[in-house]
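Novice: Input: one structure, supplied below.
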Amino acid sequence: MPFRTYLLREAILIATMNAAINAAYTGWLWRKFDPVPLAGKGGIALDLALTPVVIASLSVLIGTGMARRKLASGRVAADGSRPHPVFRRLPRGLAARAAVAAGLTGLLLALPLWFLLPLAGDGLLTRFEASGTKVAITLALSLLIVPMVTVAALSDLQGSRARGVPA
């Protein structure tokens, strides 16, 4: 399978799975609230803001190994794809890479989201709106981070081959 096809397929598949899991989780977690408070004690703002950190961490921890195996086995052809040099700067270890992803998404997405969410209105959401907001955040981030994780795995493989290390 060509790399770009794999990249698109994985991003859509994982984003859909993440969205379904997050919709179910949010619906269950906030089932006793209607409306769901956005901010303050018992509010959903922190849960929504931390979604990018969790998605980034799990995408790295689960997705990197899968992508590395598929690329190394030849089931996915790199077809001349050249990852941006920034991917070579990422740690190869999964825990360290997940920590970097969590830190970056925390600083760039979660923190601003946590401050901006209370500005969105009266702070009361229906359970449907709460789940929908969580799904929207999940889809957007999954469609961003999953391709990045996969491209980073390709960079790992190309770096290993360049150093003469078996994949």
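Please treat every number below as a calculation from the coordinates, not as lab data. The structure displayed is predicted, hence computed values, not measured ones. Neighbour counts are summed over all protein chains in view; Cβ atoms, including those assigned to glycine, are modelled from backbone coordinates with ideal geometry.
Novice: Going by how many other Cβ atoms sit within 10 Å of their own, how do ILE55, ILE44 line up, fewest first?
Specialist: ILE44, ILE55
Novice: May I ask you to compute the full-extension gain from MET17 to HIS84, defined as 0.36 nm times their residue separation minus their alpha-carbon distance, rounded to one decimal in nm?
Specialist: Taking 0.36 nm per residue and subtracting the Cα distance, the gain is 21.4 nm.
Novice: What's the exposure ranking of LEU116, LEU94, going from fewest to most Cβ atoms within 10 Å?
Specialist: Exposure proxy ranking, most exposed first: LEU116, LEU94.
Novice: Helix hunt in the chain: which complete DSSP H runs extend at least 30 Å axially by C-alpha with mean Kyte-Doolittle at least 0.5?
Specialist: 3-29, 127-162
Novice: Note down the nm distance, to one decimal, between modelled labels 7 Å out along Cα→Cβ at TYR25 and at THR126.
Specialist: Distance between label points: 2.4 nm.
Novice: Give the long-range amide H neighbours of VAL36: residues separated by 5 or more places, or on another chain, with amide H under 5 Å away, using H modelled in the peptide plane at 1.01 Å from N.
Specialist: Sorted by chain and number, the residues that satisfy this are LEU125, THR126, ARG127.
Novice: May I pose another question? What number do you get for the chain when its Cα radius of gyration is normalised by 2.2 N^0.38 Å, N = residues?
Specialist: Against the empirical 2.2 N^0.38 Å value, I get 1.17 for the chain.
Novice: Using a basic spin-label model with each label point 7 Å from the Cα along Cα→Cβ, how many nm lie between MET66 and ASP34?
Specialist: 3.4
Novice: Among SER57, SER142, SER160, which comes first, then next, by fewest other beta-carbon atoms within 10 Å?
Specialist: Ordered from fewest to most neighbouring Cβ atoms within 10 Å, SER57, SER142, SER160 come out as SER160, SER57, SER142.
Novice: Once amide H atoms are placed 1.01 Å from N in the peptide plane, what residues at a sequence separation of 5 or more from ALA77, or on another chain, have their amide H within under 5 Å of its amide H?
Specialist: Under 5 Å from the amide H of ALA77 lie the amide H atoms of PHE3, each far enough along the sequence or on another chain.
Novice: Starting from the 7 Å offset along Cα-to-Cβ, what nm value, one decimal, do you get for the label separation of LYS41 and THR5?
Specialist: The answer from the label model is 5.7 nm.
Novice: What's log10 of I(q)/I(0) for segment 74-142 at q = 0.12, 0.21, 0.22, 0.29 Å⁻¹, Debye sum over Cα points only, no solvent?
Specialist: -0.56, -1.04, -1.08, -1.26
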